[in-house]
Amino acid sequence: MPSFSRIRAIAEKEVFHILRDSRTLVIIFLMPLLQLIIFGYAMNMEIRQVPLLVDDLAMNSSSRALVDAFVNTDYFQLVPKEAGTLQPDELFRERRAQASLSIPKDFGASEHRVLLRIDASDPNSAQMIQNYALGIVNSTGIQTDAGIDLRAQILYNPDLKSSFFFVPGLIALILVMVCALLTSISISREKEMGTMEQILVSPVSATEILFGKVIPYLVLGLLDALIILAVGMLLFQVPFRGDFSVFLLFTFLYVLTSLCLGLLVSTVAKTQQAAMMMALGMTLLPTLLLSGYMFPISSMPVILQKLTYIIPASYYLQIIRGIMLKGNNIAQLYQAGLSLLGMSVLMLIVAARRFKLRLS
Amino acid sequence: MIHTSHLVKQFGSFKAVDEINLEIGRGEIFGFLGANGAGKTTTIRMLCGLLKPSSGEIRIDNLDIIKHSEQIKHKLGYMSQKFSLYPDLKAIENLQFYAGIYRVSFEPALKRLEPILEQFGLSSILKTLTQDLPMGYKQRLSLVAALMHDPPLVFLDEPTSGVDPQARREFWQVINDLAQSGKTIIVSTHFMDEAEYCHRVIIMQDGREVALGNPAELKQEYGSANMQELFLKVLGVSDAKL
């Protein structure tokens, strides 16, 4: 039977370490903020202020209405007139224009076709520019050349703001990284310093050590989640449509899962260096690539889809996007939550069994 | 108090400890002597349950160390070769932690240890961060930490390495007092003068016992004037070689 007083002794000691070790504080507070800001501004997947060259041969009310429709959005800006003396291809090559809109002479009367040329050297942006342009053309009520009137209704993120997509994702990514790092480093540091030897001589059990290590970091992890959430909302204006207590409950489960992952790492890693590498290796790329953060799970090959089941972030992403963007409640999220709980318990059991109470 | 028979520890093809048979009584100060790599630390680590013997038996208070490890762990205090208190904790916080993991109440334990704290000059530095203490104080603090739960059996693995002679003498004074109060002390050292403080010593070489007995009797047996000479004679090394 694990003893509460022993767990408390270990947890209290851990709190002293946290408060006095500047490195831990850096991992906990500075790293998430830096990541949020760097990722947030660098991974911006929106297009804004695309330089658009307009060649309006019609110069009538219809053509002006169309051009205004483009300019009145934040997505496009007109390439200044003086640049218009250059050939469009030249402007593309010099990256002074990313798209050009050619309106034929009889536009609005006998002619309904316009030509939009897009620089697709960056295919993602090109795709987005095309979508935005289509949306604008549709909104003016003027039919496009094929005569297809495409109207997509975009839910939850009508402006397709990428911050709506990456801020929840970043919360998931940062939390799993930080938490796995914290527990794995904390245990491997004791192995490295030799203090673990002193603990192993005592009657403390593996379960007591693991619990004593997890509890203080659970509090820290939750605190970290709140900070990231607050900064994410402040800097990137992401909404929070769900219930805060639901967020706390499920984030608690996710933090627990991530800490247990760190514990598991620490049963393998002998040094802090090794623990750090393993913790990052097991969290960073798998979370980025396989959680549905960057690439939708449904469009992955079947084998990779199966693999996403063991990535904690794939559950938490459903949860956090659900809460922040869709206002999901517990009933809609409990399955993902139970999966996280199951993973935590499983990892804790494996860690406790693998944790050696003797030196090797 | 401690009984071992045919104790062997093998790391791969390397026999670190080879057929060690010991019988150590209550209140005894028992010393492990030997050069680095002779098997002292490995033996001590097996005796306090940190390492599992490859073969052979260890009984402490007539309990098998593997089967009754939980019970035995309460009975022993251990001070490892490497300084292993938390440098970022205050001295008193380190002591609190060890009281906590042995589930003894801190205040009475501290009161009980007050004479030793005084003797060691630790009372005034309890609020100091451990990393700011000089080496000698750290060692003494380690010993006090190992005594928090009042164990009848205390293992000290090279407790005085890196400590000046004056501090070593004080350290041994406390060890002596502890033995007199009935505690069994197992200590390893490579300072031959310290061996004189032990009631009995075992001299080890390549994991094996080369001599075992009371220091005075051993000196007589080998016709040596001091422990240093005895040590070299027993190991068959001439003075010139060292």
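The values are calculated or read from the model by the stated rules, or taken from the named source; none is laboratory data. Please read these numbers as outputs of a predicted model, since none were measured by experiment. Heads up, the Cβs are rebuilt from the backbone with ideal geometry, glycines too, and the neighbour counts pull from every protein chain shown. Ligands, DNA and RNA are stripped out before the accessible areas are found, and what is left, the full protein with its side chains, is counted by its heavy atoms. Shrake-Rupley method; radii C 1.70, N 1.55, O 1.52, S 1.80 Å.
Laid out as a table, the results:
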| item | result |
| --- | --- |
| Members of the stretch A:256-299 found to be open to solvent by less than 50 Å² (accessible area, probe 1.4 Å), of a type in the set (Gly, Ala, Ser) and over 15 Å from residue A:312 (Cα atoms), listed by number | A:266, A:269, A:274, A:275 |
| One residue from A:16, A:39 being surrounded by fewer than 19 Cβ atoms within 10 Å (Cβ to Cβ), free of Cβ contacts under 8 Å to residues at least 40 places away in the same chain and under 30 Å from residue A:220 (Cα atoms) | A:16 |
| Whichever residue in the stretch A:2-56 is within 14 Å of chain B (Cβ to nearest Cβ) and in a loop (DSSP other than H, G, I, E, B) and, among such residues, is modelled with the lowest pLDDT | A:21 |
| Any chance residue B:145 is crowded, with 20+ Cβ neighbours inside 10 Å and more than 11 Å from the chain's Cα centre (by Cα) | yes |
| Single residue of the stretch A:237-283 satisfying the filter (outside any helix (DSSP H, G or I) and farther than 19 Å from residue A:330 by Cα) that is nearest to the chain's Cα centre (by Cα) | A:238 |
| In the stretch B:67-97, the residues that are more than 7 Å from chain A (Cβ to nearest Cβ), within 18 Å of the chain's Cα centre (by Cα) and without any contact (Cβ under 8 Å) to a residue 60 or more places away in the chain | B:72, B:83 |
| Residues located in the stretch B:98-134, provided they are surrounded by fewer than 16 Cβ atoms within 10 Å (Cβ to Cβ), within 11 Å of chain A (Cβ to nearest Cβ) and among the hydroxyl-bearing types (Ser, Thr, Tyr) | B:105 |
| In the stretch A:105-162, the residues that are at pLDDT 70 or above, open to solvent by 60 Å² or more (accessible area, probe 1.4 Å) and closer than 26 Å to residue A:58 by Cα | A:105, A:106, A:109, A:110, A:112, A:113, A:115, A:117, A:130, A:131, A:139 |
| Options B:206, B:239; residue that is modelled with pLDDT of 85 or more and farther than 28 Å from residue B:183 by Cβ | B:206 |
| Complete set of residues in the stretch A:301-314 that are open to solvent by 20 Å² or more (accessible area, probe 1.4 Å) and not polar (S, T, N, Q) | A:301, A:302, A:303, A:304, A:306, A:307, A:309, A:310 |
| Residue match in the stretch B:45-64 (condition: more than 8 Å from every other protein chain (Cβ to nearest Cβ), among the basic types (Lys, Arg) and either touching a residue at least 24 places away in the same chain (Cβ under 8 Å) or under 30 Å from residue A:12 (Cα atoms) (or both)) | yes |
| Yes/no for residue A:302 being free of Cβ contacts under 8 Å to residues at least 24 places away in the same chain and assigned by TED's automatic domain parsing to the domain that holds residue A:183 | yes |
| Selected residue [closer than 23 Å to residue A:163 by Cβ and open to solvent by less than 20 Å² (accessible area, probe 1.4 Å)] from A:229, A:234 | A:229 |
| Top-ranked residue in the stretch A:198-208 [being within 9 Å of another protein chain (Cβ to nearest Cβ) and either open to solvent by less than 10 Å² (accessible area, probe 1.4 Å) or in a helix (DSSP H, G or I) (or both); ranked as farthest from residue B:51 (Cα to Cα)] | A:208 |
| Single condition residue A:226 does not satisfy, out of (1) within 14 Å of another protein chain (Cβ to nearest Cβ); (2) out of contact with any helix residue (DSSP H, G or I) (no Cβ under 6 Å at 6 or more places or on another chain) | (1) |
